[in-house]
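Okay, so here's the structure we're looking at.
FYI, it's all coordinate maths here, none of it is from the lab. Please read all numbers here as calculations on a predicted model, not as lab measurements. Virtual Cβ from ideal backbone geometry, glycine too; neighbours counted across all protein chains shown.
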Amino acid sequence: MKFIIPSLSLRSSRNCCYPAQKSIMASPLTQTLTLSQTQTGSFHADPAQDDLDDIPCSEPQQERQERQQLLLSSSDSLPLGFGSPSRCLSGESLVERAWTHWAKLGRPKLIVAPMVDNSELPFRMLCRKYGAEAAYTPMLHSRIFTENEKYRNQEFTTCKEDRPLFVQFCANDPEVLLEAAMRVEPFCDYVDINFGCPQRIARRGNYGAFLMDNLPLVKSLVQKLALNLNVPVSCKIRVFPDLQDTIKYARMLEDAGCSLLAVHGRTRDEKDGKKFRADWDAIRAVKNAVRIPVLANGNIRHVDDVHTCLEKTGADGVLSAESLLENPALFAGYRTAEWVVGSEGSERDGKLDQTDLLVEYLKFCERYPVPWRMIRAHVHRMLGDWFRMHPHVREDLNSQSKLTFEFLYNMVDRLRELGTRIPLYLDDKHGDRVPADGLVSRDV
């Protein structure tokens, strides 16, 4: 059962440094939400396609109303006992409570990183099926989240199996951030603040990694949540070029009330993950400098990287982003052919490929509807190698201004009938990470 954030009373718009947002009318066909172009940094060249791709793949109005009512009445949606806000606790008590909460969640180590438009509910559920133990939502824009019901309904959905869950916001106004956070705190295990986005859209909006230039504001954002929420606050950061600045930054966040810190081991200027290796030594230094749980982000391409990263950083878990988009079964031990080369022949065909994963993803989308633009993006990422071999199939996909599930399932059948299969591989030494039922069922 999918939960949708219910409509709450909205206050008047504030003046802030985010780009102006259009008012959204009821009809998605006549005036659709343009966040994917103006707020998240992704850009669609064809306005007509943009409109069609922003429509949810399916969702009857009656079903939405029933889910909203369930959300309001569900006892499962209550926070997991983090307790009252931390306004009266000492530093030692805050650290102790941070670890108690982490232990209640089962100390998850394999975590889906936040990805704009890409870590939505169906994708999170697919990754969870293949070993992910926790997940972040996509980055949500705090001001738009407080002001726009359509944005809330499309960009944040969850279900009772979607736990542990981090809900991530970008923000530069503590009051706006708190209002957004209070809307989601009954349905998540952490409210996360994005201090790591390095993209130009974050520079223009004055959020993400560009708040590293304004540490008093960073501190006030964390404190506002820590003093007023019943769920813990987590933060996702990038490192400074100078290690000591990074350590001071991490300790400041801990002192402000951060209960869990995810560290991306690249600087704000190191945007290209293929060109710049994440600095695991810097992550280890942060882990040694703070007393709260720390997650490592960067260089997680297959399951061997997970074990190596945990060993070298001492972190309490790892996040993966780009690699999961191509291979959502990464945490179950599957790897693409790119990471089989030089493995001394220990890999075997895992009897699973990316068309199998896409079919499972589409079935999750039928159950948990999302805008078609998200589905389109996942199709391209999961089937990138297949499309390079059969570019005419990709061209057919790109020519579709309106996607349907029937078209996508037929496209998968076409790729399979072309006779070239691109398997995912399993390393025998990591066979214990494969789901207990062996081959994955096609029925999600």
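Using alpha-carbon positions, what is the distance between the centroids of the stretch 157-224 and the stretch 290-310, in Å?
Rounded to whole Å, the Cα centres lie 22 Å apart.
With the Cα gyration tensor of the stretch 90-324 giving a ≥ b ≥ c as the square roots of its eigenvalues, does the rule (a/c under 1.5 for rounded; else a/b larger than b/c for prolate; else oblate) give rounded, prolate or oblate?
Note, shape of the stretch 90-324 comes out rounded.
With θ set to phi - 60°, apply the Karplus curve 6.51 cos²θ - 1.76 cosθ + 1.60 along the stretch 297-306 and write out the HN-Hα couplings as whole Hz, x wherever there is a Gly or Pro.
Computed from phi, the couplings for the stretch 297-306 are 10, x, 6, 9, 10, 7, 5, 4, 4, 4 Hz.
Ranked from highest to lowest mean number of other Cβ atoms within 10 Å per residue, what is the order of the peptides 382-395, 225-238?
225-238, 382-395
So if each residue of separation counts as 0.36 nm, and I subtract the Cα-Cα distance between N288 and E149, what length gain in nm does that give?
Additional length available on full extension: 45.8 nm.
Under 18 Å from the 7 Å Cα→Cβ point of H307, by amide nitrogen: which residues of the stretch 88-130?
109-111
Return the subset of K104/K236; K224/K287; K104/K224; K219/K312; K104/K160; K160/K219 for which the Cα-Cα distance in this structure is over 27 Å, preserving the input order.
With Cα atoms farther than 27 Å apart: K219/K312; K160/K219.
Can you give me the long-range amide H partners of Q168? Hydrogens built in the peptide plane at 1.01 Å from N, cutoff under 5 Å, separation of 5 or more residues or another chain.
For Q168, whose amide H was placed from the backbone, the distant partners under 5 Å are T137, L140, D192.
For K351 and D385 in one chain, what is 0.36 nm times their gap in residues minus the Cα-Cα distance, to one decimal in nm?
Computed gain between K351 and D385 is 10.5 nm.
Need the full-extension length gain, E338 to E96, defined as separation in residues times 0.36 nm minus the C-alpha distance. One decimal, nm.
That works out to 82.9 nm of additional length.
Which FRET efficiency value, to the nearest 0.05, is calculated for D245 and N398 with the Förster distance at 51 angstrom and r the Cβ-Cβ distance?
0.70
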